[in-house]
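Working notes for the structure below.
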Amino acid sequence: ESPFSAAEIEDKFLTLTRNILPEGGGRVRDLVMGLETLKDLRVLTASLRFRQLNTI
């Protein structure tokens, strides 16, 4: 059980990811919701790291 509601988790997620991608946290949320395998997760993580490094 999570101590947070679904809305609280989504809000925290959007806040954390807002500055990573120009499209905003909503795009990241959509990508995460589409994950089906560990490979998908690795691809998403690598993409986020690459984008974050290029925004510094």
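The values are calculated or read from the model by the stated rules, or taken from the named source; none is laboratory data. The shown structure was predicted, so the numbers you read here are calculated from the model rather than taken from an experiment. Note: ideal-geometry Cβ built from the backbone for every residue, glycine included; neighbour counts use all protein chains shown.
Would you point out which residue out of Phe13, Phe50 is at pLDDT below 75, out of contact with any strand residue (DSSP E or B) (no Cβ under 7 Å at 6 or more places or on another chain) and aromatic (Phe, Trp, Tyr)?
Checking each option against the conditions leaves just Phe13.
If the requirement is being loosely packed, with under 10 Cβ neighbours inside 10 Å, more than 10 Å from the chain's Cα centre (by Cα) and modelled with pLDDT under 75, which of these qualifies: Glu1, Glu23?
Values: Glu23 fails: loosely packed, with under 10 Cβ neighbours inside 10 Å.
Of the residues listed, the single one that is loosely packed, with under 10 Cβ neighbours inside 10 Å, more than 10 Å from the chain's Cα centre (by Cα) and modelled with pLDDT under 75 is Glu1.
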